[in-house]
1. Show the residues, 5+ positions off or on another chain, whose built amide H is closer than 5 Å to the amide H of B:R31.
2. Between region A:136-194 and region B:40-56, how many Å separate their Cα centres?
3. How fast does chain A diffuse by Stokes-Einstein, in µm²/s, taking the Kirkwood radius from C-alpha pairs at 25 °C and 0.890 mPa s?
4. Once every DSSP H run of n ≥ 4 in chain B is given -39500 (n - 2.57) and the sum is divided by its residues, what mean residue ellipticity at 222 nm do you get, rounded to the nearest 500 deg cm²/dmol?
5. Residue by residue through region A:179-189, what is 3J(HN,Hα) from phi via Karplus (6.51 cos²θ - 1.76 cosθ + 1.60, θ = phi - 60°)? Round to whole Hz and write x for glycine and proline.
6. Quantify how strongly other chains surround peptide B:74-80 by giving the mean number of their Cβ atoms within 10 Å of each of its Cβ atoms.
7. If amide hydrogens are placed 1.01 Å from N in the peptide plane, which non-local residues have theirs closer than 5 Å to the one on B:V88?
8. Say the cut-off is 22 Å between C-alpha atoms; which of B:K15/B:K186; B:K15/B:K187; B:K15/B:K46; B:K84/B:K122; B:K36/B:K102 go over it?
Amino acid sequence: MDVLSILIDWSPYIVAGIAATLGLVLIALGIGILLGLPMALGQVYGSRPVRWAIGIYVWFFRGLPILVLLFLFWFGIFPGIGLGDLPAFVVGAVVLGLRGAAYQSQIFRGAIQSIGEGQMIAARSLGMSRFIAIYSVILPQAMRIALPGWSNEYPNMLTDSAVCYAIGVAELLTVTSRIVSQTYLTMPIFLASAGIFILLNYGGIKVLHGVERRIAIPGFGSGAV
Amino acid sequence: MSDNNIVLRVEDIHKSFGNNEVLRGISFGVRRGETKVFIGPSGTGKSTLLRCINQLTIPDRGSVWLDGEEVTNSGARINYFRQKIGMVFQNYYLFDHLTALKNVELALLKVRGMSRSEAREKALTELRQVGLEDWADHYPAELSGGQAQRVSIARALAMDPDVILFDEPTSALDPELTREVLEVMKKLALQGMTMLVVTHEMGFACSVATEILFMENGVVAEQGTPDLLMHDPKFTRMKNFIGQFDSYRGD
C-alpha cells in the first residue's frame, strides 16, 4: 500500500485533525487579542496596582514551558475549580490563549507606546475623553504598527498547538501519530504531516500580509521611501 | 477694559516643574475678537501658559475663566471647555491615520455627536476656509508643513471655539510656508476670531496683535499695543530682545 492511498483512506481523520488544529489556533489567537489588548492598555494607562497585576500575569505565562502550563491546567487548575469535565480541546485552546495573551500584550504595549504623545494631546485638546482618544486615535494607529509583529503569533501558535497532543486533543499531530502507529510508515506520514503544517502556515501568513496591505495608510508606519 | 466683553480671564497662574518655577503669576483678560500675541525668549513659559489655559498642564495656582465659568478645577467638564478653547500646535499633531477631512471630522463625530453628513459638511467648510478643500482626501504624510498646519487650524475651527490658542504655529515652517499659515491666521483675526498666539514672528505680531505681552522669566515684563512697545522709549526689554535678531542682518 503506497503512502498516497493510505493518506486518502485516512483523509476524514486528517481533515478533522486539520480542523482541530485550526480551531485551536483561531480560538487561542482570539482569546489572546481579547485579553492581550486590554492588558496592554492597562500596562500603559493603568494605575500602579493594575500594572503590577498584569506584570505578574505576563511573568507567569511567559515564564513556564508550554507543556508545564498545559499539564498544570489539565490535571490541576481546571479540575481544582470544578471544571474537570472540560473537553481536552477546550482546555488546550484556553491555555494556548491565556499564554498567547501574555505575549500579545507586549506586542500591543510596544505599539501603543510608539505613538507620539502629540496624538493624545491633540485629541484631548479637542475635548475628547481619554477613552474616546484611545479608541479612535491611539488604537487605530497602534494596531497598524502592531500587525507585522503580531503576525508572528500565527506561526507560533500553529506550531505550539501541536503540544495539545500531550492531553489527547485530536489535532493534526495526534492524528499523524495514530496513522503511524497503525501503518508503521513513520517518516512518510510525518513528512506528509509536516507538509500540511507548512501549507497552513503559508496560507495564514499570506492572509495576514494581505490584511497588512489593505489597512496600510500612505506614509504611515511603512518606512518605505 | 470693559469687563462684560471679556471672554477669557487668566488670574495669577503659577507653575513649577521640579525646582524650576516656569510661570510666576500671570494675569490678563482677553476681549472677544482680540488677538493677543506672546513674545519672549525660549523657556519663559509661553507654551506652558497656553497649556495651563486649557488644562493640558495643570497650574499649581491661579484660575482660568471662560465666559464667567471656571475652567480650572472643572473636573470632567474640562472636555466641554476644551471644545470651546481650540488649540494649534507647533508640530500640527494631525491624526496620522486619517485624511485631512477626517482629521477635521473626528471630534465633530465623537465629541459633538454630529451625523456623518453634518460633520462632513462642516469639515469641508472649514477646509475651504483655510484653502484646502482640494486636499481633503490626502493623508498628513502627503501634506506640506504649511498645509498640515492649516488642516490643524481647520480642525480647531470646526468646534466653533470661543478662543483659539496658537502655540508657535509657524516655528517648524520655512518662510514661504510660514506666510501661508500667517495669512490664514490674519484672515481669522479680521473675521473676529479671538486668538492667543505664541510666536516669534514680529511682523505678524505688529500687524495683527491688539496687544503684545512680552514674557520673561515667567512673568509678563511688558504689555501694550504693538505701537506702544515698539516706539515708546519707556519700553526697552522687548526692543532689546528683537534687536538681537536684527544684529544678524549684517548692517
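A short reminder: the numbers here are calculations on the coordinates, not readings from a lab. The shown structure was predicted, so the numbers you read here are calculated from the model rather than taken from an experiment. Glycine gets a Cβ as well: all are built from the backbone with ideal geometry, and neighbour counts include every protein chain shown.
1. Excluding prolines and chain starts, which carry no amide H, the hits are B:V7.
2. Cα centres, region A:136-194 to region B:40-56: 55 Å.
3. This corresponds to a translational diffusion coefficient of 125 µm²/s.
4. On the way: 9 runs with 92 residues, N = 251.
Computed mean residue ellipticity for chain B: -11000 deg cm²/dmol.
5. So the J values, rounded to whole Hz, are 4, 4, 5, 8, 10, 6, 8, 4, 5, x, 5.
6. Per residue, the number of nearby Cβ atoms from other chains is 2 on average.
7. B:L165, B:F166, B:D167
8. Numbers: B:K15/B:K186 31 Å; B:K15/B:K187 33 Å; B:K15/B:K46 11 Å; B:K84/B:K122 16 Å; B:K36/B:K102 30 Å.
Beyond 22 Å: B:K15/B:K186; B:K15/B:K187; B:K36/B:K102.
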